[in-house]
Amino acid sequence: MNTQETTGIVRGIRSVYPAHFQKYTKSDFEGMIAAWSGVFANVPFEVVKYGVNAFIANDVKGFPPVPGQIMQYIQLAKHGDKLSEGEAWSLVLKAVQNSLYNSDAEFNKLPADVQRAVGSPQALRAMAMEEGTTVIQSNFLRSYRGVTKQAEMLLTGGEDGQRLTGREEMLLLR
């Protein structure tokens, strides 16, 4: 994440927690931007943005985050709630069994990654109308692997070699 992107993140945090930043000087903000830039230098902007948004959405205390808290949310996204392929397929199979007439409700019960792999409530309904599950399972698992690989690439900076290294990787692996 570059300095301009970091400035945007800090401004966003400042707009959500204005009372905390009332007495900050320009120098204070410059120091905060420098600190955040250093911590997140090799982390893609979209990943940090996700971490900040997740923090804000779950904040009940009303205090702005520090970089370590954002790293925790990034860590959770990277490893914490990832379903195995078998667990994901089990959820889909259960949803398919009740999807002839309730595909919208069943689709909405699925985790976000599983929803992306399924595609839509209509796809869930189509699965319910199919005979046998072997081909459906194979297609779903291929799609789910693609979705989880895409999420992993977002968190690691893509396939262009800009993977997290050194200190940033150690912070994410805590």
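Brief remarks on what is shown
- Cross-link check: pairs LYS94/LYS149; LYS26/LYS49; LYS61/LYS109; LYS23/LYS78; LYS82/LYS109; LYS49/LYS82 evaluated at a Cα-Cα cut-off of 27 Å; pairs beyond the cut-off: LYS61/LYS109; LYS23/LYS78.
- Restricting the trypsin sites (Lys or Arg not before Pro) of segment 29-92 to loop positions (DSSP other than H, G, I, E, B) with no more than 13 neighbouring Cβ atoms within 10 Å leaves LYS61.
- Put simply, segment 85-153 fits an ellipsoid with semi-axes of 19, 13, 9 Å; these come from the alpha carbon gyration tensor as the roots of five times its eigenvalues, largest first.
- Stokes-Einstein diffusion for segment 1-57 at 25 °C, viscosity 0.890 mPa s, with a Kirkwood radius from C-alpha pairs, works out to 212 µm²/s.
- Estimated inter-spin distance, GLU30 and GLN150, nm [label 7 Å along Cα→Cβ]: 4.2 nm
Any read-out appearing in this document is the output of simple, stated calculations on the displayed coordinates, not a laboratory observation. This one's a predicted model, so the numbers in the text were calculated from it and none came from an experiment. Every residue, glycine as well, gets a Cβ built from its backbone with ideal geometry; the counts of neighbours run over all protein chains shown.
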